[in-house]
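Visitor: Below you will find the structure I want to go over with you.
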Amino acid sequence: MKKIKGVIDRFEEGFAVVEIEGKTKDYPKDIFPKNTQVGDVVYITGNQVKIDRQETQKRAKEIESLMNEIWED
């Protein structure tokens, strides 16, 4: 079964909206771990979802760095 990498974009009415390669796809919220948050990097295989905390943290630091560059002036 194919492993899909995505980022949680938002939650809507029982669904998790996941960004995958620039497009969004809805998945049932109940297949995600209870502690899943917006911005988490996830790997989806069928109905199994794993949060990649290390990749999520790395991504958050990159975004923070970019924001700091923009607001330095």
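Visitor: Criterion first (exposed (fewer than 13 other Cβ atoms within 10 Å of the Cβ) and without any contact (Cβ under 8 Å) to a residue 40 or more places away in the chain) does Gly6 satisfy it?
Guide: Judged against the criteria, Gly6 is not a match.
Visitor: Inspect all residues belonging to the stretch 14-29 and state whether any of them is part of a helix (DSSP H, G or I) and out of contact with any helix residue (DSSP H, G or I) (no Cβ under 9 Å at 6 or more places or on another chain).
Guide: There is at least one residue in the stretch 14-29 that is part of a helix (DSSP H, G or I) and out of contact with any helix residue (DSSP H, G or I) (no Cβ under 9 Å at 6 or more places or on another chain).
Visitor: Which members of the stretch 25-53 meet the condition of being closer than 23 Å to Met1 by Cβ, more than 11 Å from the chain's Cα centre (by Cα) and among the polar types (S, T, N, Q)?
Guide: The answer is Thr45, Asn47, Gln48.
Visitor: Shifting gears a bit: Return the residues of the stretch 7-66 that are among the aromatic types (Phe, Trp, Tyr) and out of contact with any Asp or Glu (no Cβ under 6 Å at 6 or more places or on another chain); say none if nothing qualifies.
Guide: Phe11, Tyr27, Phe32, Tyr43
Visitor: Right, next: Given the conditions (1) out of contact with any strand residue (DSSP E or B) (no Cβ under 8 Å at 6 or more places or on another chain); (2) of a type outside the set (Phe, Trp, Tyr); (3) surrounded by 13 or more Cβ atoms within 10 Å (Cβ to Cβ), report the number of the one that Lys25 does not fulfil.
Guide: Here Lys25 meets the rest and fails (1).
Visitor: Looking at the structure I just gave you, is Glu72 surrounded by fewer than 14 Cβ atoms within 10 Å (Cβ to Cβ) and in a loop (DSSP other than H, G, I, E, B)?
Guide: yes
Visitor: Exactly one condition in (1) in a loop (DSSP other than H, G, I, E, B); (2) loosely packed, with under 13 Cβ neighbours inside 10 Å is not met by Thr36; state its number.
Guide: Checking Thr36 against (1) in a loop (DSSP other than H, G, I, E, B); (2) loosely packed, with under 13 Cβ neighbours inside 10 Å, the one that fails is (2).
No lab work stands behind these numbers, since they all come straight from the coordinates. What you see is a predicted model; the values in this text were computed from it and never measured. Methodologically, a virtual Cβ is constructed for each residue, glycine included, from the backbone with ideal geometry; neighbour enumeration extends over all protein chains shown.
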